[in-house]
Protein chains: 2
Amino acid sequence: MSDEGEVFERPDTVVVNAPSGNHHTIEPFAFLTSVKESERNHNVLLISNQPFKIDLKAIWTHCGLVVCSDGGANRLHDYFTNDKEREDFLPNYVVGDFDSLRDNVKRFYQSRGVKIIPQYGQYSNDFQKSVRCIQIHFLLSEQGKPWPEVDEDDGLKDIWEKELHGSSNIDIRIYALSVIGGRFDQTIQSINQLYILHKEQSNLHFFFITNYDLIFLLYKGVNYVTYPNRAIFCKDTSSPPLCGLLPLGDKPVTLNSFGFRYDVKNWVTKMMGQVSSSNRVVGEKGFIVECTEDISMNIELNL
Amino acid sequence: MSDEGEVFERPDTVVVNAPSGNHHTIEPFAFLTSVKESERNHNVLLISNQPFKIDLKAIWTHCGLVVCSDGGANRLHDYFTNDKEREDFLPNYVVGDFDSLRDNVKRFYQSRGVKIIPQYGQYSNDFQKSVRCIQIHFLLSEQGKPWPEVDEDDGLKDIWEKELHGSSNIDIRIYALSVIGGRFDQTIQSINQLYILHKEQSNLHFFFITNYDLIFLLYKGVNYVTYPNRAIFCKDTSSPPLCGLLPLGDKPVTLNSFGFRYDVKNWVTKMMGQVSSSNRVVGEKGFIVECTEDISMNIELNL
């Protein structure tokens with residue numbers, strides 16, 4: 001049994017306090033709760049060119065910055081029925097190679113002062129271009145500098161790598177809509193980027209919002225994942241929200257947890273081995289996961 | 001460069017002949033093409049309790065056996081508007097712990113002679129129970145034996161493991177609808193099972209049909225993936241079908257390929273490293289992938 005670790009079954013609700021030692025604090029549901037300016041300023045909504053079902057207005061007020069990735073601007077535009085409403089929900093930037101951005105959408109947002117940033121270089125995808133735009137935005141804002149002229153081929157890459165040295169200490173939560181759940185190679189490439197981007201730029205914290213759940217990374221070490229209460233992300237309180245811990249990196253992960261229906265102790269998880277799925281979040285205001293490597297997790301969203 | 005392997009760009013159409021040496025032949029689109037009794041008899045359609053968009057009637061005629069996993073029977077029932085049609089599309093078995101099968105659906109299929117097999121044991125899930133049902137069906141049919149009495153707790157498990165010794169040589173393609181694309185932990189657990197089940201029961205070949213693509217396993221060694229033509233699975237022939245090679249097992253995989261837009265030679269793929277996504281199938285009637293470990297792949301479906 002010791003090879004496989006131990007499993008403990010918990011009741012529907014357990015009180016889990018923050019760990020006393022060093023730990024990462026993760027607030028995955030900030031996009032539903034941040035009210036203070038200083039908090040919401042660090043929540044970014046990133047809209048890609050895929051259908052989404054979420055109530056955009058409900059999360060908009062908790063996000064300080066909105067970036068549309070190429071045709072994501074079409075989705076945002078078409079989400080609303082009239083221009084009056086569209087003007088109340090303007091993104092800050094539209095970025096990409098614009099192979100899908102419609103002309104009327106581009107004109108609409110341009111005429112309302114939204115920054116339209118074509119980037120025709122083909123060695124990055126629209127997602128990577130948008131992430132660079134976000135990094136540059138925060139760094140320049142902090143330094144009190146205006147948005148610069150951006151070369152239309154690889155300007156964002158040049159500014160980020162050459163002028164800003166490709167690093168930032170500003171913690172940013174990027175909430176990306178609809179990068180998961182379409183074609184499976186795109187889903188898995190997004191998950192791959194979830195791991196890689198945080199390793200390269202540790203100030204970035206990605207959260208993928210799907211029609212069913214929220215997907216994010218837990219970091220090597222001790223993680224305290226916290227929220228005001230579970231009803232915030234799972235309105236149906238008849239049973240605790242479903243979740244999973246998904247070892248999609250390149251190594252097995254040993255887990256210790258406190259705050260799940262099935263908590264584990266020294267439990268090794270890897271693909272082609274044991275994987276924790278259909279588990280449940282029973283921690284009332286948070287749970288703890290200690291892991292030997294970064295690991296992705298998902299929590300049911302029911303808004 | 002040699003560490004990263006080499007990449008070759010191909011035109012839209014390339015003729016790829018079957019390899020001369022030992023190889024696995026994989027016909028992923030048999031569910032759209034099998035006509036001969038001997039072929040369609042080995043195609044199984046497995047319907048789970050998730051929404052699906054595929055044209056069921058178009059694939060039904062190419063599948064010799066249909067199994068509904070618990071509430072999958074509700075989905076099948078509700079797909080049709082009247083009983084006359086439902087009677088033309090009866091499944092062979094309905095299997096599961098029946099926590100979601102509706103009473104009226106159960107009665108309907110039971111009264112039409114469909115085998116309803118409750119399995120209340122909680123150490124397997126409905127998917128695993130359905131797979132055992134399929135294995136038993138083929139073995140008993142081959143031996144000319146009738147379907148036995150099945151204990152309602154773990155009868156299928158007992159028959160499969162004790163009476164049939166848990167192994168079979170009968171090659172079976174299982175086309176599973178809608179096990180991918182819902183909650184992300186379920187998606188990843190299904191992919192985990194894709195690898196594990198074939199390792200444990202190598203006569204089983206799983207194909208997951210999603211609303212966007214077909215997902216299946218390529219096997220360690222040389223694979224020849226073949227089809228009559230690409231328009232069979234991708235009606236929009238303006239550009240070659242999209243695909244990806246996804247290293248979701250527990251080891252890095254070295255790849256050699258022939259028949260993709262971007263073919264690779266000695267190319268190492270792993271999560272947190274290089275992953276081939278948004279590639280395209282340019283082999284006219286097939287392509288070749290040599291891999292050092294089992295690897296999952298997806299191909300766009302556009303029916």
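The values are calculated or read from the model by the stated rules, or taken from the named source; none is laboratory data. Quick caveat: nothing in here was measured; it's all calculated off a predicted structure. All Cβ positions, glycine included, derive from the backbone under ideal geometry; neighbour counts span all protein chains shown. Protein only, heavy atoms only, side chains kept; ligands, DNA and RNA dropped before computing areas. Shrake-Rupley method; radii C 1.70, N 1.55, O 1.52, S 1.80 Å.
Data overview
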item: In the range A:224-286, the trypsin sites (Lys or Arg not before Pro) that fall in loop regions by DSSP, at most 13 other Cβ within 10 Å; result: A:K235
item: For the range A:153-264, alpha-carbon Rg relative to the globular expectation (2.2 N^0.38 Å, N residues); result: 1.26
item: DSSP-defined antiparallel bridges as percent of all bridges, the protein assembly as shown, nearest 5; result: 55
item: Angle in degrees between helix B:184-200 and the longest Cα principal axis of chain B, rounded to the nearest 10; result: 90
item: Sparse-neighbourhood loop sites, chymotrypsin sites (Phe, Trp or Tyr not before Pro) in the range A:93-159 - DSSP loop, at most 11 other Cβ within 10 angstrom; result: A:Y123
item: Sequence of B:S167, B:S239 from largest to smallest accessible area, 1.4 Å probe; result: B:S167, B:S239
item: Residue-level accessible surface for B:E27, protein heavy atoms, 1.4 Å, Å²; result: 90
item: Computed helical MRE - 222 nm, chain B, DSSP H runs ≥ 4 contributing -39500 (n - 2.57), nearest 500; result: -6500 deg cm²/dmol
item: Gyration tensor verdict on the range B:43-170 (Cα atoms; rounded if a/c is under 1.5, prolate if a/b is larger than b/c, oblate otherwise); result: prolate
item: Shielded by partner chains, the range A:230-251 residues - at least 10 Å² of accessible area, 1.4 Å probe, vs chain alone; result: A:L242, A:L246, A:L248, A:G249, A:D250
item: Tensor-based shape of chain B (alpha-carbon gyration tensor, a/c under 1.5 rounded, otherwise prolate or oblate); result: prolate
item: Point-to-point label distance, A:K251-A:D55, nm (Cα→Cβ direction, 7 Å offset); result: 4.3
item: Amide H partners (placed H, <5 Å) of A:G96, local residues excluded; result: A:D70, A:I117, A:Q119
item: Sites matching trypsin sites (Lys or Arg not before Pro) across the range A:79-176 that sit in DSSP coil, with at most 16 neighbouring C-beta atoms within 10 Å; result: A:R102, A:R112
item: J(HN,Hα) series, the range B:34-51, from Karplus relation 6.51 cos²θ - 1.76 cosθ + 1.60, nearest Hz, glycine and proline x; result: 4, 10, 4, 3, 5, 7, 5, 4, 9, 9, 10, 9, 10, 9, 9, 8, 9, x
item: Between the range B:138-212 and the range B:36-98, the alpha-carbon center distance in angstrom; result: 16
item: Farthest positive-ward along the protein assembly as shown dipole, Cα basis, beta-carbon charges - from B:P252, A:G64, B:P28; result: A:G64
item: Per-residue mean of C-beta atoms belonging to partner chains within 10 Å, peptide A:174-186; result: 6
item: Between the range B:255-269 and the range A:237-303, the Cα center-to-center distance that results, in Å; result: 34
item: Innermost chain B residue relative to the axis carrying B onto A, by Cβ distance in angstrom; result: B:G181, 3
item: Residue order for A:L242, A:L90, A:L204, B:L303 - accessible surface, 1.4 angstrom probe, largest first; result: B:L303, A:L90, A:L242, A:L204
item: Sequence of B:T292, B:T269 when ordered by accessible area, the most exposed leading, probe 1.4 angstrom; result: B:T292, B:T269
item: Fraction of accessible area attributable to carbon and sulfur, chain A (%, probe 1.4 Å); result: 46
item: Size-normalised alpha-carbon gyration radius of the protein assembly as shown, reference 2.2 N^0.38 Å; result: 1.00
item: Check: chain A dipole with +1 on Lys, Arg Cβ and -1 on Asp, Glu Cβ, in debye; result: 560
item: Two-site FRET efficiency, A:S238 against A:K285, from Cβ-Cβ distance with R₀ of 25 Å, rounded to 0.05; result: 0.85
item: Share antiparallel - DSSP beta bridges, the range A:192-303, percent rounded to 5; result: 95
item: Lys, Arg +1 and Asp, Glu -1 on Cβ, resulting dipole of the protein assembly as shown about Cα centre, debye, nearest 20; result: 800
item: For B:270-281, mean number of other protein chain Cβ atoms within 10 Å; result: 5
item: Estimated vicinal HN-Hα couplings, Hz - the range A:261-275 in sequence order (Karplus 6.51, -1.76, 1.60; Gly, Pro = x); result: 3, 10, 7, 10, 9, 6, 9, 8, 10, 7, 5, 6, x, 7, 10
item: A:M271 - accessible surface, heavy atoms, 1.4 Å probe, Å² rounded to 10; result: 10
